Structure formats: C-alpha cells, structure tokens
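The values are calculated or read from the model by the stated rules, or taken from the named source; none is laboratory data. What you are looking at is a predicted structure, and each value in this text was computed from that prediction instead of being measured. Positions of Cβ are generated from backbone atoms using ideal geometry, with glycine treated the same way; all protein chains shown enter the neighbour counts.
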C-alpha cells in the first residue's frame with residue numbers, strides 16, 4: 001500500500017478532505033509533505049477539528065522511533081479511539097500468536113500495527129508502510145475512523 005493508495009482509499013469516502021502541508025500555506029516547515037485527513041462535507045479544511053488520520057513522511061524532533069528518515073518510508077496514523085485501538089491491537093496479537101509488544105527497533109518495523117509512538121494513549125494507531133499483513137486492516141481502521149469523525153460532525157451540527 002503506497003501513500004497514494006491510502007489517499008485514494010480515504011478520498012473515496014464521502015466528505016473527506018486531504019490537506020498536504022506545503023511551503024507557503026502557513027504550515028510549519030517540519031510538516032511539509034505530510035498529509036492530514038479530515039471529515040468535512042463542505043470541502044474545506046476545518047479550523048477547529050483534528051484530522052482522523054495522517055500520513056507522515058519524516059521523523060519529528062519528539063518522535064523518531066519509527067525511523068521515517070529511511071528512503072520510501074512513511075507512517076499512516078489513525079485515530080481509532082481507545083477501545084477500538086485496544087481491540088485492533090489485541091486482534092493482531094492473537095493473529096500473530098505472540099505476546100511481545102513492539103519495542104526498540106521493532107517500533108520501526110514496516111507492515112505492523114502498533115500504538116502511535118506519541119499519541120497511542122489517546123487511541124491513535126500507526127502502521128509504517130502498510131503491506132501484505134496490514135493493508136486490509138489499515139483500510140478497515142481508516143474507514144472506521146472516518147465513520148467516527150462523521151458521527152462527531154453530525155452530532156455537533
């Protein structure tokens with residue numbers, strides 16, 4: 001699954017806006033090239049809403065464990081919510097028949113679902129370069145995050 005595949009998946013969902021930070025748009029330089037995915041049926045980037053998913057292409061000063069400085073490496077971050085994140089991680093652990101939690105260099109392993117290195121406690125999940133093992137799960141989690149974002153929007157309208 002490429003970055004473009006992720007964007008194609010989310011933009012096929014109703015009301016999604018993908019904003020890619022770039023020079024001249026007011027975003028900080030560190031964010032340039034990263035994509036932010038919002039539910040916004042009016043087609044604009046909402047001013048007071050957090051994205052439900054992001055695609056990051058580089059390490060941030062307080063977030064280097066994924067080693068995104070490697071060529072061709074990106075990370076999909078998905079706000080699943082704390083309960084859904086716990087279920088997804090437990091399901092993956094059951095599927096893999098391992099009791100090990102990602103740690104050390106495992107945090108930089110591709111094609112594995114893990115808690116977001118910074119926002120995992122807030123229900124964010126992360127997958128570096130989704131591949132054969134995680135593409136279907138990544139798509140399902142993105143769709144569920146979209147459904148949650150849409151529901152929050154509808155409740156607040």
Leading residue by the ranking (surrounded by the fewest Cβ atoms within 10 Å (Cβ to Cβ)) among those in region 82-93 that are closer than 11 Å to residue 115 by Cα and touching a residue at least 24 places away in the same chain (Cβ under 8 Å)
82
In region 123-135, residue farthest from the chain's Cα centre (by Cα) [restricted to those that are more than 17 Å from residue 83 (Cβ to Cβ) and outside any loop (DSSP other than H, G, I, E, B)]
135
Quick check, is residue 138 under 15 Å from residue 84 (Cβ atoms), part of a helix (DSSP H, G or I) and under 11 Å from the mean Cα position of the chain (by Cα)?
yes
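Mind checking which residues of region 117-136 are touching a strand residue (DSSP E or B) at 6+ places or on another chain (Cβ under 7 Å), over 10 Å from residue 78 (Cβ atoms) and surrounded by 17 or more Cβ atoms within 10 Å (Cβ to Cβ)? Break it down into steps so the answer makes sense when it comes.
Within region 117-136, the first condition is being touching a strand residue (DSSP E or B) at 6+ places or on another chain (Cβ under 7 Å), and the residues that meet it are 117-118, 123-128, 130, 134.
Among the residues that remain, those that are also over 10 Å from residue 78 (Cβ atoms) are: 117-118, 128, 130, 134.
Result: 117, 128, 130, 134.
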Given (1) over 12 Å from residue 150 (Cα atoms); (2) at pLDDT 95 or above, index of the condition residue 40 fails:
(1)
Taking region 5-18, which residues are in a loop (DSSP other than H, G, I, E, B) and either within 17 Å of residue 136 (Cβ to Cβ) or at pLDDT below 95 (or both)?
12, 13
Would you say residue 56 is touching a strand residue (DSSP E or B) at 6+ places or on another chain (Cβ under 9 Å) and at negative phi?
yes
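Which residue out of 36, 52 is within 30 Å of residue 155 (Cβ to Cβ) and touching a helix residue (DSSP H, G or I) at 6+ places or on another chain (Cβ under 6 Å)? Reasoning before the result, please.
On the way: 36 fails: touching a helix residue (DSSP H, G or I) at 6+ places or on another chain (Cβ under 6 Å).
Just a single option satisfies the conditions, and that option is 52.
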Considering region 59-80 alone, what residues qualify as being crowded, with 17+ Cβ neighbours inside 10 Å and touching a helix residue (DSSP H, G or I) at 6+ places or on another chain (Cβ under 7 Å)?
65, 66, 74, 76, 78, 79, 80
Is it true that some residue in region 95-102 is crowded, with 17+ Cβ neighbours inside 10 Å, at pLDDT below 95 and more than 17 Å from residue 143 (Cα to Cα)?
yes
